[in-house]
Amino acid sequence: MMLGLLLALALRRGPESPAPAPGPDFDAAEKEALSMLQAYLRVDTTNPPGNERLAAEFFREILDGEGIENRVYDLGEGRANILARLPGRGLGRPILLLNHLDVVPADPERWSVPPFSGDVRDGYVWGRGATDMKGTAVCQLMTLLLLKRSGAVLDRDVLFLGTADEEEGRENGVAEMLERHRADLRDPEFCLTEGNTITVEEGRVVSWDVAVTEKAPLWLKVIAPGKAGHASIPEPDGAVAHLVRALDRVLAYEPPIRLIPAVDHYFRQLALREKGDLARALADPSAALRDAPLRALLVEDPQRNADLRTTISITGLSGSEKINVIPAEATASLDCRLLPGDDPQRFLAKLKEVAGDGSLRWEVLLSETATESPIDTALFRAIERARDRFAPGVPVLTPPLTSSTDASRLRQTGVVVYGFEPFALSDDDDRSHGDDERLSVDNLRFGLEATYAIVSDVAGARPGPAQSGDAPPPPEADARRRSAK
Ligand SMILES: [Zn+2]
């Protein structure tokens with residue numbers, strides 16, 4: 001409760017802040033967003049199987065009711081994407097608000113509320129997807145609705161894209177859009193999506209964290225063949241024996257440390273709020289990495305370790321279904337996360353060498369390439385201006401994401417993608433993929449105001465002719481600017 005109160009105070013603007021520019025009625029918008037989120041959480045899009053078509057229809061109904069141009073893309077088997085567009089004057093390329101429609105499974109036994117109830121209690125709205133990422137989707141959609149209702153004139157299109165299958169990645173909706181409907185995305189310059197959030201420590205907002213890059217997953221299945229037999233006679237050349245010995249060597253292997261520019265920048269900013277040796281190490285990471293004790297201090301934290309090197313996690317093992325049978329095959333799953341710039345082929349070759357067993361077969365289940373978005377952009381400056389308004393003095397940090405999102409697919413096509421959801425989440429509030437996922441109503445309100453501020457800023461939203469009497473420029477002037485792009 002205490003934390004909630006502090007948070008509410010941290011989130012709301014102080015009395016010394018400048019008066020807000022006239023804009024939407026956010027008290028009314030908060031109520032609308034809350035009931036929209038409750039209804040959306042009740043749409044069960046557990047993936048597998050996803051059933052994202054239900055979510056697409058949910059949004060389509062709202063968008064149709066507001067007269068906002070939209071299209072549902074059927075992907076078959078109950079899966080779908082939805083794209084909506086608020087047209088701008090074509091003075092800049094679009095900004096894309098991207099969210100995924102699916103959620104990970106929830107085990108009701110482990111939850112204190114039914115996971116698809118959308119219940120509001122203790123100042124939170126509860127449900128699978130509240131933070132990952134249905135709350136964000138509602139802030140994005142409400143931003144479109146508020147801009148549309150205001151009649152604002154926009155310099156660039158604002159697009160809303162809800163996609164299928166981010167969590168499992170077999171029928172990935174973003175890949176589908178890029179491969180088959182790329183033209184509908186209208187060559188966006190910017191994309192805002194999931195990734196990082198506002199960090200809260202001891203009830204205080206300490207940083208706005210924007211993901212400008214993320215590590216690339218390399219998911220591998222390792223298959224060991226071997227002599228089958230009855231377990232009563234041990235088989236030293238058995239599949240499980242081969243696999244376990246190889247995995248032991250993989251576990252002992254530490255990929256080399258490499259300092260990428262985003263991490264160097266991020267660590268130096270972090271140094272400002274640390275003390276002692278850690279502050280010294282963070283303030284000059286490349287020097288610290290050449291000094292054994294400081295280097296040890298940096299990598300002893302698993303998160304920092306993952307910021308500094310490609311990592312390997314063994315996540316699955318299987319052998320015989322029967323306890324008394326030595327199987328002809330045993331398999332393991334490896335989740336490797338590559339630093340931007342690491343080559344998946346070269347890393348796989350190294351891993352094979354480390355495993356040291358030529359009988360193993362390696363299957364690549366997923367391999368992506370990490371790229372980095374620049375920081376010197378109009379969208380980054382819009383985020384900084386929102387920070388100045390809502391949280392002056394709080395740094396905007398750029399920690400790399402160690403997990404992966406759809407952002408990487410878009411970044412590879414040249415879109416500047418920032419993973420930033422303006423929710424102030426304490427460790428306890430960040431329950432994405434965990435039990436009792438929830439989002440505070442204060443965060444929903446703040447996320448909506450901040451998303452609206454950032455998007456209307458970068459889209460150059462100005463009062464429309466209905467409010468100001470200004471007519472937009474004639475269409476031929478528009479067309480000339482567009483072709484000059
Ligand atoms: Zn997500």
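Condition check ((1) modelled with pLDDT under 90; (2) among the basic types (Lys, Arg); (3) more than 15 Å from the ligand (Cβ to nearest atom)) across all residues:
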| site | (1), (2), (3) |
| --- | --- |
| Ala391 | no, no, yes |
| Pro400 | yes, no, yes |
| Ser403 | yes, no, no |
| Arg411 | no, yes, yes |
| Val417 | no, no, no |
| Ala424 | no, no, yes |
| Arg431 | no, yes, no |
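Summed over region 431-467, residues that are in a loop (DSSP other than H, G, I, E, B) and not basic (Lys, Arg) total 11.
Of the residues making up region 231-241, one or more are at pLDDT 95 or above and in contact with a strand residue (DSSP E or B) (Cβ under 6 Å, 6 or more places away or on another chain). Yes or no: Glu437 within 16 Å of the ligand (Cβ to nearest atom) and modelled with pLDDT of 95 or more? Here the answer is yes, as Glu437 does meet what is asked. Within region 430-442, residues that are surrounded by 18 or more Cβ atoms within 10 Å (Cβ to Cβ) reach partners that are modelled with pLDDT under 95 and small (Gly, Ala, Ser) with beta carbons closer than 7 Å, at six or more positions or on different chains, in the pairs Ser440/Gly4; Asp442/Ala8.
Within region 204-229, the residues that satisfy the criterion of being among the basic types (Lys, Arg) and either in contact with a helix residue (DSSP H, G or I) (Cβ under 7 Å, 6 or more places away or on another chain) or modelled with pLDDT of 95 or more (or both) are Arg204, Lys221.
Looking at the structure I just gave you, is Pro236 assigned to a loop (DSSP other than H, G, I, E, B), more than 16 Å from the ligand (Cβ to nearest atom) and outside the structural domain of Arg385 (by TED's automatic domain parsing)? Answer is yes for this residue.
Residues that are modelled with pLDDT under 95, under 20 Å from Leu360 (Cβ atoms) and assigned to a strand (DSSP E or B): does region 300-323 have at least one? No, region 300-323 contains no residue that is modelled with pLDDT under 95, under 20 Å from Leu360 (Cβ atoms) and assigned to a strand (DSSP E or B).
Pairing residues of region 155-175 that are farther than 15 Å from Ile95 by Cα with residues that are away from the ligand (no atom under 16 Å from the Cβ) and among the basic types (Lys, Arg), at Cβ distances under 6 Å and at least 6 apart in sequence or on separate chains, gives Ala164/Arg79; Glu171/Arg79.
Quick one: in region 127-177, of everything that is basic (Lys, Arg) and over 18 Å from Ala106 (Cβ atoms), which residue is modelled with the lowest pLDDT? I'd like the intermediate steps shown before the answer.
Initially, region 127-177 is screened for residues basic (Lys, Arg), giving 128, 134, 148-149, 156, 170.
Now restrict to residues that are over 18 Å from Ala106 (Cβ atoms): 148-149, 156, 170.
On the way: Lys148: 97, Arg149: 96, Arg156: 98, Arg170: 76.
Restricting to residues being basic (Lys, Arg) and over 18 Å from Ala106 (Cβ atoms), the top hit is Arg170.
Can you list the strands (runs of 3 or more DSSP E) lying wholly within region 92-181 that have 2 or more residues being within 12 Å of the ligand (Cβ to nearest atom) and not polar (S, T, N, Q)? If you could, list the steps in order and put the result at the bottom.
Working: elements: 95-100, 124-126, 158-163.
Strands (runs of 3 or more DSSP E) meeting the threshold: 95-100.
Is it true that Ile223 is more than 30 Å from Thr311 (Cα to Cα) and surrounded by fewer than 23 Cβ atoms within 10 Å (Cβ to Cβ)? Show your work before the answer.
On the way: more than 30 Å from Thr311 (Cα to Cα): no; surrounded by fewer than 23 Cβ atoms within 10 Å (Cβ to Cβ): yes.
Judged against the criteria, Ile223 is not a match.
The values are calculated or read from the model by the stated rules, or taken from the named source; none is laboratory data. Note that this is a predicted model, so its numbers are computed, not measured. A quick note on method: Cβ atoms are made from the backbone with ideal geometry, for glycine too, and the neighbour counts reach across all protein chains shown.
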